[in-house]
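*Asks:* First the structure, which I've put down as structure tokens, then a few questions once you've had a look.
The values are calculated or read from the model by the stated rules, or taken from the named source; none is laboratory data. Bear in mind the structure is a predicted one, so any value in this text is a computation, not a measurement. For neighbour counting, all protein chains shown are included, and Cβ atoms are generated from backbone atoms with ideal geometry for every residue, glycine included.
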Amino acid sequence: MVTRSTIMDTNSFRAEHAAALDDDTRKLTEKRSKVLGESYRLFYRKPVHLVRGEGQYLWDAAGDKYLDVYNNVASIGHCHPAVIEAVNQQMKMLNTHTRYLHENILNYSEELLATAPEEIDRAMFMCTGSEANDLAMRVARAWSGGTGIIVTQEAYHGTSELTSGASPALGSGQPLAPTTRLVSPPDAYRVNAPDLGEWFADQIQRQIDDMKAHGIKFAGFLADSIFSSDGVLPNPRGFLKKAVDVVHANGGIFIADEVQPGFARTGDAFWGFGRHGVVPDVITTGKPMGNGIPVSGLLAKSDVLASFSDNIPYFNTFGGNPVAMAAAQAVLKVIKEEGLQEHSRVVGAKLLAELSKLMDRHECIGDVRGAGLFIGFELVEDRHSKVPNKALALDLIEKLREHRVLTSVAGPYGNVLKLRPPLAFQESDIDWLVGALDASLTALGH
């Protein structure tokens, strides 16, 4: 079992970096600290001052162009004209809450549910992924009568009281709830097991047994199906099924946190869990739904949701508002009309192949793995020992920034680059990214 870390802080600007900044940047960082406090974090030792975005590209205040290989908030591309137009038109007409009748939320719900397994037939809407996961945990408790939630060792599921208590990626400064249990991530690169699915299912069962021994009734297993915060762990396809079977055998529900792997990201399926041949009891999503407009959702089996919704009213002032639904409808339409799922599969496979070729030139690359446009690029001391090289990973993202490529790190050791560009990323962008990685590793002596 790995020790808890603070991966979310590893790629961060700190006060000791201020002396190397130009005057304008330093003044902005000082003002930010003064008015926003110290909880907020900035990426990079030399923070990037962004002013504009279009598709997979971003521009800073000096006019320099960057390749965005990290942001899944603008999932179909920064400032997509279809979303801008949909939001603009709806803002001209009406924006209010769900206690009035409106077609947008109903039409979108039907369209979104059509992408899910037929057993999933109810939808609810919020503003953030944290809210969606918070509600999902409440549903799990109502369904099971228990409180125990299992997550992976470096999981991130939100910032509310409930979700932060089940988000070890927030670091040791954020206490986990006493009803939360952690399982080691299903890391095919590091776990030596003949059947990863069976190994992972056994980890789940052990934690359920531990809960029982401590008088805690099991409620559910909450997981991001590509295990992005654990270092991007997509394979082998199907390994999740045995774990989900164990969850159901013990009276709990499986909550699929699709904030990161959903909405065509993995290419193989619209939803990340689709790669594993499982049907969740609850699906949560957020960031990619609105392409920058705050909107999130919870989809569920009607009988599972009824255990909560038949007894407890739920109202979210901005959740499901007509403007947010218009943005979400536009995103779904673009994914379908532009064929972004197939695009993600094809371009992602080509990118993965080109990144894998770098292993012939750089011994420090331990593993390259991914699904669609979601790739983990793991750095090690050497391939024999597989000792994680966090220092190199942090230096590498700083070098990539110099090449105008933006990304960050993930995983329990902070040594995995999380390559997750907007779905607007094109085959023509591969050379920029791969060339920047090659040049940066060479410059760092690796």
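*Asks:* Please name all residue pairs, on different chains or six or more residues apart, with Cβ atoms under 6 Å, provided the first residue is in segment 173-201 and is over 14 Å from Asn235 (Cα atoms) and the second residue is among the small types (Gly, Ala, Ser) and modelled with pLDDT of 95 or more.
*Replies:* Gln174/Ser164; Leu176/Gly165; Ala177/Gly165; Thr179/Gly148; Thr180/Gly165; Thr180/Ala166; Ala201/Ala243
*Asks:* Out of (1) touching an Asp or Glu at 6+ places or on another chain (Cβ under 9 Å); (2) crowded, with 19+ Cβ neighbours inside 10 Å, the odd one out for Asn291 is which?
*Replies:* Condition not satisfied by Asn291: (1).
*Asks:* Ok, one more. Test Leu135 against the stated conditions and say whether it is surrounded by fewer than 23 Cβ atoms within 10 Å (Cβ to Cβ), under 19 Å from Asp224 (Cβ atoms), at pLDDT 95 or above and not charged (D, E, K, R).
*Replies:* no
*Asks:* Here's another thing I want to ask about it. When you look at Met126, is it out of contact with any His (no Cβ under 7 Å at 6 or more places or on another chain), under 14 Å from Ala166 (Cβ atoms) and modelled with pLDDT of 95 or more, yes or no?
*Replies:* So Met126 fails the test.
*Asks:* Let me ask another. Any idea how many residues of segment 392-442 are surrounded by fewer than 24 Cβ atoms within 10 Å (Cβ to Cβ) and aromatic (Phe, Trp, Tyr)?
*Replies:* Selection size over segment 392-442: 2.
*Asks:* With the structure loaded, tell me whether Asp281 is among the charged types (D, E, K, R) and crowded, with 24+ Cβ neighbours inside 10 Å or whether it fails that test.
*Replies:* Judged against the criteria, Asp281 is a match.
*Asks:* Okay, moving on. Exactly one condition in (1) under 27 Å from Asn88 (Cβ atoms); (2) surrounded by 20 or more Cβ atoms within 10 Å (Cβ to Cβ) is not met by Lys336; state its number.
*Replies:* Looking at each condition in turn, Lys336 falls short on (2).
*Asks:* Exactly one condition in (1) under 22 Å from the mean Cα position of the chain (by Cα); (2) modelled with pLDDT under 95 is not met by Asn415; state its number.
*Replies:* All conditions are met except number (2).
*Asks:* Can you work out which of the residues in segment 94-143 that are outside any helix (DSSP H, G or I) and of a type in the set (A, V, I, L, M) is nearest to Asp268 (Cα to Cα)?
*Replies:* Out of the qualifying residues, it is Ala116.
*Asks:* What's the number of the only condition in (1) in contact with a helix residue (DSSP H, G or I) (Cβ under 8 Å, 6 or more places away or on another chain); (2) under 18 Å from Asp438 (Cα atoms); (3) buried (at least 23 other Cβ atoms within 10 Å of the Cβ) that Glu378 fails to meet?
*Replies:* Result: Glu378 fails condition (1) only.
*Asks:* Something else now. Considering only residues that are more than 22 Å from Leu394 (Cβ to Cβ) and either among the aliphatic types (A, V, I, L, M) or touching a Leu at 6+ places or on another chain (Cβ under 8 Å) (or both), which ones fall in segment 43-71?
*Replies:* Answer for segment 43-71, where residues must be more than 22 Å from Leu394 (Cβ to Cβ) and either among the aliphatic types (A, V, I, L, M) or touching a Leu at 6+ places or on another chain (Cβ under 8 Å) (or both): Val51, Arg52, Gln56, Tyr57, Trp59, Ala61, Ala62, Lys65.
*Asks:* Still on this structure: Tell me whether segment 93-108 contains one or more residues that are among the aliphatic types (A, V, I, L, M), out of contact with any strand residue (DSSP E or B) (no Cβ under 6 Å at 6 or more places or on another chain), under 19 Å from Ser296 (Cβ atoms) and modelled with pLDDT under 95.
*Replies:* no
*Asks:* Yes or no: segment 311-332 includes at least one residue that is surrounded by fewer than 17 Cβ atoms within 10 Å (Cβ to Cβ), free of Cβ contacts under 8 Å to residues at least 24 places away in the same chain, of a type in the set (A, V, I, L, M) and farther than 19 Å from Ile76 by Cα.
*Replies:* no
*Asks:* Just to check your reading of the model, which residue among Pro313, Pro294, Pro280 is touching a Ser or Thr at 6+ places or on another chain (Cβ under 7 Å), assigned to a loop (DSSP other than H, G, I, E, B) and at negative phi?
*Replies:* Answer to the selection: Pro294.
*Asks:* For Leu305, are the conditions met, namely being of a type outside the set (Ser, Thr, Tyr), crowded, with 23+ Cβ neighbours inside 10 Å and under 23 Å from the mean Cα position of the chain (by Cα)?
*Replies:* No; evaluated as a whole, the condition is false for this residue.
*Asks:* Looking at (1) out of contact with any helix residue (DSSP H, G or I) (no Cβ under 6 Å at 6 or more places or on another chain); (2) closer than 21 Å to Ile375 by Cβ; (3) of a type outside the set (Phe, Trp, Tyr); (4) crowded, with 24+ Cβ neighbours inside 10 Å, which is the one condition that is false for Ala300?
*Replies:* (2)
*Asks:* Looking at segment 147-164, which of its residues are in a loop (DSSP other than H, G, I, E, B) and either of a type in the set (Phe, Trp, Tyr) or buried (at least 21 other Cβ atoms within 10 Å of the Cβ) (or both)?
*Replies:* Gln153, Glu154, Ala155, Tyr156, His157, Gly158
*Asks:* Filter segment 206-254 down to residues that are surrounded by fewer than 18 Cβ atoms within 10 Å (Cβ to Cβ) and part of a helix (DSSP H, G or I), then give me how many there are.
*Replies:* So the count comes out to 9.
*Asks:* Could you check segment 273-314 and list, in sequence order, the residues that are over 29 Å from Val334 (Cβ atoms) and basic (Lys, Arg)?
*Replies:* none
*Asks:* Could you grab me the full set of residues in segment 171-198 that are among the aliphatic types (A, V, I, L, M) and in a loop (DSSP other than H, G, I, E, B)?
*Replies:* Correct list: Leu176, Ala177, Ala188, Val191, Ala193.
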